[in-house]
1. So what's the projected area for the stretch 4-198, the Cα convex hull averaged over all directions, in nm²?
2. Distance in nm between label sites at residue 78 and residue 315, each 7 Å beyond Cα in the beta-carbon direction?
3. Would you mind putting 1-7, 308-314, 225-231 in packing order, based on average other-beta-carbon counts within 10 Å, highest first?
4. Any chance you could tell me what percent of the C-alpha pair distances in the stretch 82-126 go past 16 Å?
5. Enumerate the helices in the chain for which the Kyte-Doolittle hydropathy averages -0.5 or more and the C-alpha atoms extend at least 27 Å along the helix's axis, using complete DSSP H runs.
6. Count the lysine pairs in the chain that are 8 or more places apart or on different chains: how many have C-alpha atoms under 13 angstrom apart?
7. Please give, to one decimal in nm, the separation of the simple spin-label points placed at residue 295 and residue 123, each 7 Å out from Cα toward the Cβ.
8. Percent of Cα-Cα pairs per 5 Å bin, from 0 to the last occupied bin, for the stretch 260-300, please list those.
Amino acid sequence: TWTTGNVIEEQVAAIREQVGTKRAICGLSGGVDSAVAAALVQKAIGSQLTCVYVDHGLMRKGETEQVEKDFVAATGVQLKVVDAQERFLTALAGVSDPEEKRKIIGREFIRVFEQAQAEIVAEGAADGEPVEFLVQGTLYPDIVESGGGTGTANIKSHHNVGGLPEDLEFKLVEPLRQLFKDEVRMVGQELGLPAEIVQRQPFPGPGLGIRIVGEVTRERLDLLREADAIAREELTAAGLDAEIWQCPVVLLADVRSVGVQGDGRTYGHPIVLRPVSSEDAMTADWTRMPYDVLARISTRITNEVRDVNRVVLDVTSKPPGTIEWE
Ligand code: XMP
């Protein structure tokens with residue numbers, strides 16, 4: 001019979017068998033899949049595993065801390081955090097084109113990850129056991145899709161942060177390859193991972209970098225992070241997390257409109273709310289969510305986020321719109 005307990009037991013045994021006394025590394029993205037894969041491998045081989053988290057500065061409020069503190073506390077995993085915020089900001093300076101941004105973020109991610117990986121491999125050699133394995137959170141649908149082709153891959157260059165170049169000489173450990181997403185969440189919960197990680201809605205690898213329409217700057221990221229945190233807080237408080245597949249919050253950094261606040265005229269940026277309902281992200285509809293929740297989010301964002309004087313709702317389905325704006 002299928003129980004999370006059985007899945008964990010079987011996978012732990014299989015991982016021990018596969019890895020033996022060698023070492024493994026795993027990239028953490030902040031998402032569910034890599035977190036659960038890492039937790040399973042940690043359970044199986046403990047300190048033979050080292051995780052790497054690249055902090056590219058494009059995460060939402062609190063997410064890096066969730067990985068650095070809560071995930072580590074829950075699993076006891078050995079974690080190497082690379083602070084690459086400056087590097088990503090420098091690489092993205094002056095770039096507004098969405099595809100260009102995606103390429104830069106993907107490229108920089110791989111470079112930073114490879115460097116961290118090389119350092120861990122070198123340390124491994126010193127203690128005698130080589131790093132031979134790379135852990136990946138590949139799910140059953142990922143395998144089916146990459147065989148069948150989804151037809152959407154060309155619309156945007158979907159770079160999965162956490163995904164890796166193909167010329168690596170590691171052997172793969174993929175403990176989730178028989179599981180669907182909801183099963184992965186159950187396994188994660190059974191392993192004691194924080195609910196914020198296990199229940200996290202989809203979030204794109206390039207992060208907030210593709211939710212700023214216009215150039216990505218530190219100031220704009222900070223502003224969007226605040227607006228996004230408010231929206232997430234209110235959606236959760238209203239009990240809408242299950243109904244809404246995800247709700248991108250987008251900053252139209254190149255647009256300004258006139259507003260009035262207090263005694264003065266403002267000339268600020270709009271924030272777009274994009275709540276969608278979906279089964280698999282291939283198609284989606286905009287979520288008919290309660291007006292009072294929209295009103296609360298709008299009031300709070302315009303009151304609390306500097307330079308934002310307007311909140312607008314995206315009422316486009318997919319197709320023709322994609323879920324993300326870039
Ligand atoms: P679109 O915008 O194409 O998004 O309708 C479909 C789903 O994919 C997510 N998304 C990404 N996920 N790396 C990811 O891991 C990416 O580059 C990426 N781009 C979009 C998006 O959030 C939605 O769930």
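Read-outs: derived from the displayed coordinates by stated rules, not from any lab. Fair warning: this is a prediction, and the values are worked out from it, not measured in the lab. All Cβ positions, glycine included, derive from the backbone under ideal geometry; neighbour counts span all protein chains shown.
1. 11.3
2. Reported label-point gap for residue 78 and residue 315 is 5.6 nm.
3. Numbers: 1-7: 11.1, 308-314: 18.6, 225-231: 22.0.
Descending mean neighbour count gives 225-231, 308-314, 1-7.
4. 44
5. Qualifying helices, which must be both long enough and hydrophobic enough, are 98-126.
6. Details: 22/171; 69/80; 101/156; 103/156.
Qualifying lysine pairs in the chain: 4.
7. 5.4
8. Values per bin, smallest distances first: 6, 16, 18, 18, 14, 13, 6, 4, 3, 1.
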